[in-house]
Amino acid sequence: MAYDWISVTTDYGLRDGFVAACHGVIARLAPAVRVIDVTHEVPPQDIRHGAMALAQTAPFLPASVHVAVVDPGVGTARLGVVVVAGEGLLVGPDNGLLLPAAHALGGVRAAYELAEPSLRLPVTSATFHGRDVFAPAAAHLALGVEPSAFGDPVTDLVAMPEPFVAAFPGKLVSEVLTVDHFGNVQLAATPADLELSGLAGAVSVHSERVAVTTVLGRTFADVPAGASVLYTDSAGRLAVAVNGGSAAAVLGLGPAQECTITSSPTAS
């Protein structure tokens with residue numbers, strides 16, 4: 001099956017020419033295929049952030065080959081893979097980065113190692129597989145090359161540990177998944193977890209540094225400027241925001257840290 005679109009997600013940033021090189025390889029091999037950049041501002045080596053960015057975006061893109069490169073193990077024994085999902089293909093390192101998006105696209109149907117030399121660049125750098133391995137693979141897949149042509153099946157794909165969430169009566173503890181450009185703090189917990197805790201109305205959101213009284217709301221403007229709100233974000237996760245400010249800065253929270261939500265002492 002051929003694809004008209006390739007999406008690209010990386011931690012390369014835009015200061016250097018890394019993204020352009022990947023685009024250029026795709027354009028040289030598959031000039032009619034269009035490219036959508038999901039993001040290149042994943043925090044360096046933050047595999048979970050990259051996985052969440054792609055998983056929360058891919059279902060809204062056209063049927064695509066999705067390339068994702070957040071690859072602190074580049075040049076090691078970690079595999080490069082193509083994952084066949086229900087609604088697209090995913091290309092990248094086998095380090096847990098691709099699986100959340102594969103599940104969001106209908107689940108893993110098969111996976112293959114990117115081992116075929118003729119389907120990568122003739123000279124492969126030990127430190128730039130995005131350009132030399134993953135971008136060529138995506139271009140060939142978009143042109144209709146079968147995933148099985150790349151190498152042996154992979155049946156034990158690497159998965160990231162599940163993020164920590166624990167709901168108790170009157171208390172919810174959750175790992176932070178991501179912090180976005182605005183400083184909104186996305187939690188691993190969902191509204192169902194909040195319901196299990198029985199929390200409602202005003203709550204306290206705790207980090208190791210501070211506790212902030214927070215209103216349960218629907219959107220940012222449900223609280224005055226400078227106040228915080230706990231809401232359900234566009235990915236269906238609980239998130240903390242400060243109206244007109246940065247919840248991450250106020251709470252001192254970042255990815256992989258724990259956030260605790262309890263009843264507010266000021267709640268009636």
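The values are calculated or read from the model by the stated rules, or taken from the named source; none is laboratory data. It should be emphasised that the depicted structure is a prediction, and the values quoted were computed from it without experimental measurement. Neighbour counts are summed over all protein chains in view; Cβ atoms, including those assigned to glycine, are modelled from backbone coordinates with ideal geometry. Just the protein is used for accessible areas: all its heavy atoms, side chains included, with ligands, DNA and RNA removed. Shrake-Rupley method; radii C 1.70, N 1.55, O 1.52, S 1.80 Å.
Side notes on the structure shown:
- Options 212, 145, 229: the member that is assigned to a loop (DSSP other than H, G, I, E, B) and free of Cβ contacts under 8 Å to residues at least 40 places away in the same chain: 145
- Matching entry among 134, 128, 150 (being under 30 Å from residue 99 (Cβ atoms), open to solvent by 20 Å² or more (accessible area, probe 1.4 Å) and either modelled with pLDDT of 95 or more or in the same structural domain as residue 9 (by the TED database) (or both)): 128
- Selection status of residue 139, part of a helix (DSSP H, G or I), farther than 21 Å from residue 43 by Cα and touching a helix residue (DSSP H, G or I) at 6+ places or on another chain (Cβ under 7 Å): yes
- When residues in segment 104-136 are screened for being under 30 Å from residue 175 (Cβ atoms) and either touching a Lys or Arg at 6+ places or on another chain (Cβ under 9 Å) or not in a loop (DSSP other than H, G, I, E, B) (or both), 7 of them pass.
- Scanning segment 70-103 for residues that are over 19 Å from residue 41 (Cα atoms) and either in a loop (DSSP other than H, G, I, E, B) or not assigned by the TED database to the domain that holds residue 133 (or both) returns 75, 76, 77, 78, 79, 86, 87, 94.
- Scanning segment 177-201 for residues that are of a type outside the set (D, E, K, R) and open to solvent by 30 Å² or more (accessible area, probe 1.4 Å) yields a total of 10.
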